[in-house]
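Each remark here refers to the structure printed beneath this line.
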Amino acid sequence: MKSSLITLVVLVILTILSAVVSNYVTNYATTIILILAGLKFMDLIKAHIFWRIIIAAFVFVILTIILVIY
């Protein structure tokens, strides 16, 4: 229970930080937000290896596409 609460608090803080960065920081805001989004997936350490690989590959592909388009 305590671990879930800590994870929830960290995710909420990262989400709020993403919103603040998007509103106030114009230079490299996209890169900072994408890095913060990647940090949100760090709780996958406890997940099965299959899910870690699938989600990491998905995040990598999506972030690469967004950064190439940007």
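The values are calculated or read from the model by the stated rules, or taken from the named source; none is laboratory data. Since this is a predicted model, take the numbers as computed values, not measurements. In this analysis, Cβ positions are derived from the backbone assuming ideal geometry, glycine residues included, and neighbour counts consider all displayed protein chains. All accessible areas refer to the heavy atoms of the entire protein, side chains included, with ligands and DNA or RNA removed. Shrake-Rupley method; radii C 1.70, N 1.55, O 1.52, S 1.80 Å.
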Exercise for review: Please verify whether the stretch 47-58 includes one or more residues that are within 22 Å of Thr7 (Cα to Cα), at pLDDT below 75 and not basic (Lys, Arg).
Suggested key: yes
Point to revise | Qualifying positions in the stretch 23-36 - open to solvent by 60 Å² or more (accessible area, probe 1.4 Å), within 24 Å of Ala56 (Cβ to Cβ) and part of a helix (DSSP H, G or I) | key: Ile32, Ile35
